[in-house]
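The values are calculated or read from the model by the stated rules, or taken from the named source; none is laboratory data. Keep in mind that what you see is a predicted model, and the values were worked out from it rather than measured. Cβ sites come from the backbone with ideal geometry, for glycine too, and all protein chains shown count toward neighbours. Areas reflect the complete protein model, heavy atoms only, side chains present, ligands, DNA and RNA absent. Shrake-Rupley method; radii C 1.70, N 1.55, O 1.52, S 1.80 Å.
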Amino acid sequence: MSNVTGNLVSPVTLILAGIILILFSASCVDPETITVRGTTNVVVVDGVITNLAELMNIQLNRSKSDPLSGRIGVTPISNATVEIIVDSSQVIYAHETQPGNYQLPANFKGQVGHAYQLHVWLLDKTEYVSTQQIMPATPPIQNVYTQFNPKSLALTPLSGFFIAGHDLFIDSHDPADQHNYYRWDWTLYERQYYCKSCYKGVYSVNNIIPHTYKDQHYYVSGTDQYEDCFTPVNYQDYGQPPFHNEDWTYDYLCRTQCWEIIHNYSLNIFDDLYSNGGLIGRRKVGQIPFYQHDPALVDIRQSGLTADAYRYYKLFADQTQNTGSLVDTPPTLLPGNIHNVAQPTELIVGYFTASAVSLRHQWLDRKDTSGIPYGETDPAGPHKNVGDDLFYALNLRRPNLEPQPPYFQEEPKVFIWGGPPRVPTAVCSTRDNTKTPYKPEGWRD
């Protein structure tokens, strides 16, 4: 159940990459869909315009197979020109904040009834454009209910047991004078005490000066801010400290307050065709894992979808969430609403849409729980430090801290001369959209 780290890649993008992997050697004759044969090289686009005062991003990635191994990887598409055209006249530009992630201006938000269209130029002048999306309205969420369920959700098949959690339900009154389509999502905020993990390296507050060493034992710190993992490279320089090639990971405590951000990774959509104008009563919209005893906050979003967006997500959900048996139809890549202007036959995966959103904050005090949380199932025994339960739940291992000086029993794998005293704390970075140092709205201290 751990969330994904790395570049800003949305859950939809990750699921699409998985489908591409399944299809790498598959074939299908359905003329309504496009399948992948041979070498895979597919552009994946994901973006939603909402009516909330929030940061909005357009994500551009390329799902591509390695020509030798055939393994599928998701690579961000950088240096593109990304703009949103509002009502066929106003142009809103997005700027790249991380590779493949293009952020719209902070003061921009959509409006119900207005039209939005995505326009993208890659560095090689390839031009992509989406269909025009008119933002539909959505009614407010009226009530939210939580219920602890000791068998709320299953982990991966390898784990072999169920994990407890809170089931989330909402009430909302569907308008009678229109055909509505809905999507529900949730975001979980948990207090986080570990802000960085460095694989085969150590955390460095300042930059490390290249090819500069001291006493054949230390790498040398500069004075420029770095705040990231330093992973040595075996340059075989004279005087370079001993190079350790074995696997290790050091974990670093947060310097300031921090919250882990965990998103849902499934699609929950609804068509009011047979319940138009009625109460959407106790609709199940989420299953929140029981990671630890500490309280947590959940944001619940009810989004209005256009008819075309609903049909796309419905096919998407059918292929990604309703497969697994021998009689199931193998998944196929579904082209979205974005096309290559010069080459319309190119497969572009993903969907750009505009959705009005009703947002509710729900506090989970977890006083109604029973049994032990997932973070306390460590076979090695109970954890002693605050934050260790959540760390184990997300990483399936205990934190491994860099040894503290003076080094009587164990030395670190890498020594740094200069800079702040060892061991440093790590910043709570928003870089990969999995953590935030800013207290979420609705959080209770």
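Looking across segment 128-166, the residues that are open to solvent by 50 Å² or more (accessible area, probe 1.4 Å), assigned to a loop (DSSP other than H, G, I, E, B) and modelled with pLDDT under 95 come down to T156, P157, L158, G160, F161.
Filtering segment 78-90 to residues that are touching a residue at least 24 places away in the same chain (Cβ under 8 Å) and outside any loop (DSSP other than H, G, I, E, B) leaves T81, V82, E83, I84, I85, V86.
Pairing residues of segment 171-199 that are open to solvent by 50 Å² or more (accessible area, probe 1.4 Å) with residues that are part of a strand (DSSP E or B) and not hydrophobic (A, V, I, L, M, F, W, C), at Cβ distances under 7 Å and at least 6 apart in sequence or on separate chains, gives K196/Y203; K196/Y252; S197/T249; S197/D251; Y199/T249. Restricting attention to segment 270-287, the residues being of a type in the set (G, A, S) and open to solvent by 30 Å² or more (accessible area, probe 1.4 Å) number 2. When residues in segment 352-382 are screened for being of a type outside the set (V, I, T) and either buried (at least 18 other Cβ atoms within 10 Å of the Cβ) or under 30 Å from T138 (Cα atoms) (or both), 17 of them pass. For segment 395-413, the criterion of a residue being over 29 Å from the mean Cα position of the chain (by Cα) and in contact (Cβ under 8 Å) with a residue 24 or more places away in the chain is satisfied by at least one position.
Within segment 204-260, can you find the residues that are among the β-branched types (V, I, T) and either at positive phi or open to solvent by 40 Å² or more (accessible area, probe 1.4 Å) (or both)? Once the filter is applied, which keeps residues that are among the β-branched types (V, I, T) and either at positive phi or open to solvent by 40 Å² or more (accessible area, probe 1.4 Å) (or both), segment 204-260 yields I209, T212, T223, T231, V233, T256. The residues of segment 400-419 that are within 20 Å of Y193 (Cα to Cα), in a loop (DSSP other than H, G, I, E, B) and open to solvent by 30 Å² or more (accessible area, probe 1.4 Å), listed by number, are N400, Q404. Residues in segment 383-395 that are modelled with pLDDT of 95 or more and either assigned to a loop (DSSP other than H, G, I, E, B) or surrounded by fewer than 14 Cβ atoms within 10 Å (Cβ to Cβ) (or both): H383, N385, V386, G387. Within segment 300-314, the presence of a residue that is open to solvent by 20 Å² or more (accessible area, probe 1.4 Å), among the polar types (S, T, N, Q) and modelled with pLDDT under 95 is excluded. When restricted to residues that are of a type in the set (G, A, S) and in contact with a His (Cβ under 9 Å, 6 or more places away or on another chain), segment 359-388 contains 1. In the set L68, L14, L60, only one residue is outside any loop (DSSP other than H, G, I, E, B) and modelled with pLDDT under 70; that residue is L14. Inspect all residues belonging to segment 254-265 and state whether any of them is more than 23 Å from T436 (Cα to Cα), over 22 Å from the mean Cα position of the chain (by Cα) and not in a strand (DSSP E or B). Scanning segment 254-265, I find no residue that is more than 23 Å from T436 (Cα to Cα), over 22 Å from the mean Cα position of the chain (by Cα) and not in a strand (DSSP E or B), so the answer is no. Taken together, the residues in segment 95-112 that are within 19 Å of M135 (Cα to Cα) and either touching a helix residue (DSSP H, G or I) at 6+ places or on another chain (Cβ under 8 Å) or surrounded by 18 or more Cβ atoms within 10 Å (Cβ to Cβ) (or both) amount to 2.
Filter segment 288-297 down to the residues that are crowded, with 22+ Cβ neighbours inside 10 Å and among the aliphatic types (A, V, I, L, M) and list them by number. Scanning segment 288-297 gives I288, A296. Number of residues in segment 272-323 that are closer than 30 Å to Y392 by Cα and in a strand (DSSP E or B) equals 12.
Scanning segment 205-247 for residues that are among the β-branched types (V, I, T) and assigned to a strand (DSSP E or B), we see that the one that is nearest to P424 (Cα to Cα) is V205.
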